[in-house]
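> Next up is a structure, given as structure tokens.
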Amino acid sequence: MSYIAKPSAHHPALPKNALGLTHRDYEGTMSTLCAGCGHDSITAALIEACFEMDLPAHRIAKVSGIGCSSKAPTYFLSRSHGFNSVHGRMPSITTGANLANRDLVYIGVSGDGDTASIGLGQFCHAIRRRVNMTYIVMNNGCYGLTKGQFSATNDKTSPSKKGDANPFEAIDLCQMAIQLGAGFVARSFSGDKAQLIPLLKAAISYWGFAFLDVVSPCVTFNNHPTSTKSYDYVRAHNMAVDQLDFIEEKEEITAHYAEGTSVSVTMHDGSRLVLHKLDQQHDPRDADAAIMAIRSNAAKGRVATGLLYVNETQQDMHDILATDARALNSVPMAELCPGVKALEAINARLR
Amino acid sequence: MQAGELAARSRGRTAPTDISNPSYFHKVVDCQWACPTHTPVPEYIRLIAQGRYAAAYMLNWESNVFPGILGRVCDRPCEPACRRGRVEEKPVAICRLKRVAADYKGEIDAFMPDIPSAKNGKRIALVGAGPASLTVARDLMPLGYSCVLFEKDAKGGGLMRTNIPSFRLPATVLDEEIDRILAFGVEPRFGHEIKSLEALLQEGFDAVFIGTGAPKGKDLNVPGRTQARANVHIGIDWLTSVAFEHVHTIGRRVVIIGGGNTAMDCCRTALRLGGMDVRVTVRSPRRVMKASPWEIEDAEHEGIPIFDNHSPKEFLLDKGRLAGVRFQKMREVGVDRSGRPKLEPTGEEVVFECDDVLMAIGQENSFPWIERNIGIEFDEWHMPKVDNTTMMSTRAGVFFGGDAAWGPENIIWAVAHGHQAALSIDLMCHGKDLANERPKSSSSRFSQKMGIHEWSYKNDYAPLNRVAMPHADKAQSLRNLKVEVELGYDDKLAFKEAERCLNCDVQTVFSAPLCIECDACMDICPVDCINFIDNEDEPALREHLRVPAHNKTQDLYVSTPLKTGRIMAKDEDVCLHCGLCAERCPTGAWDMQKFMYVEAQAAQACLTHHNAYLR
């Protein structure tokens, strides 16, 4: 962390987006995480993604649980709605908020402890319910806030900084998410913004449950030479299955790939994903193949990254439940709370 | 090899920055780089902020010799260069802070270099007692030289005394700084005009330095000039007469012709000598007026109107006496190749009635006293041929400096020339080669890290407005030529202004082998100047940075390749030197290091404070 605040002064030639804002307008307060923390890079990538997508900050809600990762929403989008919830309970809070107001963009920020341990059940059911949200796990394989104990996503082959062996197998959140029916599943690395920013943009515009597992080295406890979640290890073993171009509806496609080497996916909002396949065997629209790609890379000690799986036609929770299209705050009071007589009528119907 | 890879290779590479070259970081300290004598501006501003005025003064004195004078009337090339002016609107008031050091320095005699009582036997003649000659004397006296200073006027100072009115530069300030040098044992010959260089050379001096300035004011030959001569004055000559109290009054209505700093001094002096209706007229449009913006501002503040696009056409006479000036009004029609506006007459004419005219349309060099057959070559503009490193003319042992060398410049350039000439004279007297054996400038870097999040400089940037200069009451200062208009900052105002300095000499130093490419520095940088990027040739690299680096006067700091093959590229342009990159770096790949640059001078004894930083 730093003691002086980031100055408000900015480069005089800073680009502005369609809303007339610079990326500095999407920042939050000064991070209190350790210097070099991967989470700060993910925060910066989120700021850049929201800036490039011209999102108005007041139409975004950021929700988190407990942990280093869950502190992070303070460090971006200071003009957005936010809820820093109970440990592992981010999915429930987001589900409730989304039921009440489907018009906001929901960014859930969680960590490997918050998601893969205390909040594992919540995680599963948010996916099962197809909550329209972007669920980001800042995954560093350890409990950084409590001195670096192993988390449930730490690889069995990855000992602690002091050399203690990890006795248990890791939970692979991407595999779980695909099995549970998440419509958009990606993995990335905090040290690779060129990959992370387009994935974040695609995840935010995805209609349905979008899951993003971002390996984010803990510089203090899990960036040692024997760690599998260190900057060096992930760089050396990163196996990107594809390269994503996220193209907003208003933009033209400029990149051209040879026939058969790319997959184009049109999103609910008209934007398109153009995936340049780096692994020819991989088809991101095939869930079984996606799980195979993760498993076979992991067996070779590699980390499969990129857009692993995408379901082009997912229905979200509101589609499934056929709820009112309006956000509750725009439903007139008389309709929202029809009064004693209406309640009596309902009760009478049930007697 | 794939086509894409081939294309990437043909894109070229920008070579890593060689930070062992002192020029690289020196250039980042824009103010010091712009200063002809390379005064270490941020260092003395920090000393002022700490209230260490004597140390701040000495650091200045060692570089620029006349901090009290320059703190009032310097041309301030440092200020347009100031990085704060690129981040915000206005640069740090560097010049005014220098004056604070001079005003509050207290007793400094103990810091003066020792002057050897046993002389080295070398005698140097200095012609003209302006800033250039005085600098040569200061640099040579501590080495045991005997210096003889010839001056046609009764007192030393040259144009600083004759052409700058005392309401801008009080005589006490001038006397103090000149006397300090004379007290080194310089032998002054005031009131002694050199009429023949050949005769002087025959006196057997080991070297002769000519710092006689550009003393000839330009004249304007339009109809009526001769007939009106009693009331048409050459600006600098008239200012000299005022300075030596030969002239005490001027007519009620005065027209000044010219738009430079001399014109500003003329109009404000005329106001104090009884001018009621004083007007400045300039041939060109206002935006290309030569006067410094602050001098124009001060003149206008005193109620003097400036009429631009007025070209003088005729002096009008009434009964043989000057009655007015007829002007042709001009209009701008595009610009020429050098960017100067092209003017054409509009056909409209105006007449300004007046009692006196002061002409301040430029100065020229004049060397009627230098024989053309004594080995000193002159060029087609009648200027001596002078080597721009050694300051030596085509005759060995004769040196030029200040305005005498290449025409009108300013005081700070004259000082810079004086330092170089003194170096050359010392080399020559020791039988060394003036160019090849010239001492090199030195520099040092030292980490400012004191602990976690602790730096030995104030790195917390805050947007602050430039502190306004308090002025003397106009009713009083306009009546008295000797009342100084600018009152100077007090300690509180000085502290406030000093806090605006960005400490550009505290450099961001990057070590590629330590970098783990976590992006922390790039993400935290408030001005987006740090990039981790694929290497390309410089024009492409500049274009592809997070914010394209379009200010080509500012360098890119390029690292050696990192682990991923990318490079770190930093655009120095608007770096705030806040040190957040170094604070956020988990591995210490960034460090904030104070860079100290010291220009070589003849006398090491005059560099005590500078050299303290190099140890």
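The values are calculated or read from the model by the stated rules, or taken from the named source; none is laboratory data. This is a predicted model, so every value here is computed, not measured. When we count neighbours, we look across all protein chains shown, and the Cβ atoms used for this are built from the backbone with ideal geometry, even at glycine.
> Grab the helices (runs of 4 or more DSSP H) fully contained in the stretch B:37-146, keeping just those with 2 or more residues being hydroxyl-bearing (Ser, Thr, Tyr), closer than 30 Å to B:Gln202 by Cα and outside the structural domain of B:Ala207 (by TED's automatic domain parsing).
Of the helices (runs of 4 or more DSSP H) lying wholly inside the stretch B:37-146, none has at least 2 residues that are hydroxyl-bearing (Ser, Thr, Tyr), closer than 30 Å to B:Gln202 by Cα and outside the structural domain of B:Ala207 (by TED's automatic domain parsing).
> Quick one: how many residues across the stretch B:493-520 are facing chain A (nearest Cβ under 9 Å) and part of a loop (DSSP other than H, G, I, E, B)?
4
> Continuing with this model, one more query. Out of all the residues in the stretch A:307-338, which are of a type outside the set (A, V, I, L, M, F, W, C) and closer than 23 Å to A:Pro198 by Cα?
Residues satisfying the conditions are A:Tyr309, A:Asn311, A:Glu312, A:Thr313, A:Gln314, A:Gln315, A:Asp316.
> Looking only at the stretch B:581-591, count every residue that is more than 8 Å from every other protein chain (Cβ to nearest Cβ) and not in a loop (DSSP other than H, G, I, E, B) and tell me the total.
4
> In the list B:Asp537, B:Asp473, which residue meets the criterion of being of a type outside the set (Lys, Arg), farther than 27 Å from A:Leu33 by Cβ and in contact (Cβ under 8 Å) with a residue 24 or more places away in the chain?
Residue meeting the stated conditions: B:Asp537.
> Got a sec? Which of B:Gln202, B:Gln227 is in contact (Cβ under 8 Å) with a residue 40 or more places away in the chain and polar (S, T, N, Q)?
B:Gln227
> Go over the candidates B:Thr249, B:Thr269, B:Thr240 one by one and state the one that is among the hydroxyl-bearing types (Ser, Thr, Tyr), more than 24 Å from B:Lys319 (Cα to Cα) and modelled with pLDDT under 95.
B:Thr240
> Within the stretch B:539-552, is there a residue that is buried (at least 17 other Cβ atoms within 10 Å of the Cβ), touching a Pro at 6+ places or on another chain (Cβ under 7 Å), within 13 Å of another protein chain (Cβ to nearest Cβ) and over 30 Å from B:Tyr57 (Cα atoms)?
Yes, the stretch B:539-552 contains a residue that is buried (at least 17 other Cβ atoms within 10 Å of the Cβ), touching a Pro at 6+ places or on another chain (Cβ under 7 Å), within 13 Å of another protein chain (Cβ to nearest Cβ) and over 30 Å from B:Tyr57 (Cα atoms).
> Just one of B:Lys570, B:Lys563 is surrounded by fewer than 16 Cβ atoms within 10 Å (Cβ to Cβ) and touching a residue at least 12 places away in the same chain (Cβ under 8 Å); which is it?
Answer to the selection: B:Lys563.
> Looking for something within 22 Å of B:Leu134 (Cα to Cα), surrounded by fewer than 24 Cβ atoms within 10 Å (Cβ to Cβ) and among the acidic types (Asp, Glu) - is there at least one such residue anywhere in the stretch B:54-75?
Yes, the conditions are met somewhere in the stretch B:54-75.
> Only strands (runs of 3 or more DSSP E) wholly contained in the stretch A:204-289 count here; list those with 1 or more residues that are farther than 25 Å from A:Met176 by Cβ, out of contact with any Phe, Trp or Tyr (no Cβ under 6 Å at 6 or more places or on another chain) and not hydrophobic (A, V, I, L, M, F, W, C).
A:242-247, A:262-266, A:272-277
> State all residues of the stretch B:490-523 that are among the charged types (D, E, K, R) and on the phi > 0 side of the Ramachandran plot; if no residue qualifies, say none.
B:Glu517, B:Asp519
> Here are some residues: B:Asp523, B:Asp490, B:Asp534. Which one is more than 26 Å from the chain's Cα centre (by Cα), acidic (Asp, Glu) and either crowded, with 19+ Cβ neighbours inside 10 Å or away from every other protein chain (no Cβ under 14 Å) (or both)?
Within the list B:Asp523, B:Asp490, B:Asp534, the selection yields B:Asp523.
> Further question: Quickly run through the stretch B:460-482 and pick out the residues that are within 14 Å of chain A (Cβ to nearest Cβ) and not small (Gly, Ala, Ser).
Those that are within 14 Å of chain A (Cβ to nearest Cβ) and not small (Gly, Ala, Ser): B:Asp460, B:Tyr461, B:Pro463, B:Leu464, B:Asn465.
> For residues that are more than 17 Å from B:Asn480 (Cβ to Cβ) and surrounded by 18 or more Cβ atoms within 10 Å (Cβ to Cβ), tally how many sit in the stretch B:165-179.
The total comes to 3.
> What single numbered condition from (1) of a type in the set (Gly, Ala, Ser); (2) on the phi > 0 side of the Ramachandran plot; (3) within 28 Å of the chain's Cα centre (by Cα) fails to hold for B:Gly334?
Result: B:Gly334 passes all but (3).
> Assess whether B:Gly431 counts as being part of a helix (DSSP H, G or I) and away from chain A (no Cβ under 14 Å).
Taking the combined requirement at face value, the residue does not satisfy it.
> Name the single residue, out of those in the stretch A:220-233 being within 11 Å of chain B (Cβ to nearest Cβ) and buried (at least 22 other Cβ atoms within 10 Å of the Cβ), that is farthest from A:Thr157 (Cα to Cα).
The qualifying residue farthest from A:Thr157 (Cα to Cα) is A:Tyr231.
> To continue, here is another question. Applying the selection to the stretch B:54-108, what residues are among the aliphatic types (A, V, I, L, M) and within 14 Å of another protein chain (Cβ to nearest Cβ)?
Across the stretch B:54-108, the qualifying residue is only B:Val87.
> While we're looking at this one, here's another question. Here's a check for you: in the stretch B:554-580, which residue that is within 16 Å of B:Tyr24 (Cα to Cα) and in contact with a Ser or Thr (Cβ under 6 Å, 6 or more places away or on another chain) is farthest from the other protein chains (Cβ to nearest Cβ)?
B:Val558
> Just name the residue that is farthest from the other protein chains (Cβ to nearest Cβ) out of those in the stretch A:144-159 that are surrounded by fewer than 22 Cβ atoms within 10 Å (Cβ to Cβ) and in contact (Cβ under 8 Å) with a residue 40 or more places away in the chain.
Here the answer is A:Ala152.
> Let me ask another. Which one is surrounded by the most Cβ atoms within 10 Å (Cβ to Cβ), of the residues in the stretch B:337-371 that are within 37 Å of the chain's Cα centre (by Cα) and more than 30 Å from B:Met383 (Cα to Cα)?
Checking each candidate, the answer is B:Cys354.
> Let me ask you something else. Can you tell me which residue is nearest to A:Asp245 (Cα to Cα) among those in the stretch A:165-196 that are within 14 Å of another protein chain (Cβ to nearest Cβ) and touching a residue at least 60 places away in the same chain (Cβ under 8 Å)?
A:Gln195
> Collect the residues in the stretch B:149-164 that are surrounded by fewer than 21 Cβ atoms within 10 Å (Cβ to Cβ) and either within 12 Å of B:Ile210 (Cα to Cα) or outside the structural domain of B:Ala183 (by TED's automatic domain parsing) (or both), keeping them in residue-number order.
Within the stretch B:149-164, none qualify.
> Among all residue pairs at least 6 apart or on different chains, which show Cβ distances below 8 Å where the first residue, located in the stretch A:197-217, is within 14 Å of chain B (Cβ to nearest Cβ) and the second is in a strand (DSSP E or B) and basic (Lys, Arg)?
A:Val214/A:Arg187; A:Val215/A:Arg187
> I'd like the full set of residues that are touching a Gly at 6+ places or on another chain (Cβ under 9 Å) and not hydrophobic (A, V, I, L, M, F, W, C), limited to the stretch B:437-487.
The answer is B:Gln448, B:Lys449, B:Tyr457, B:Asn459, B:Pro470, B:Lys474.
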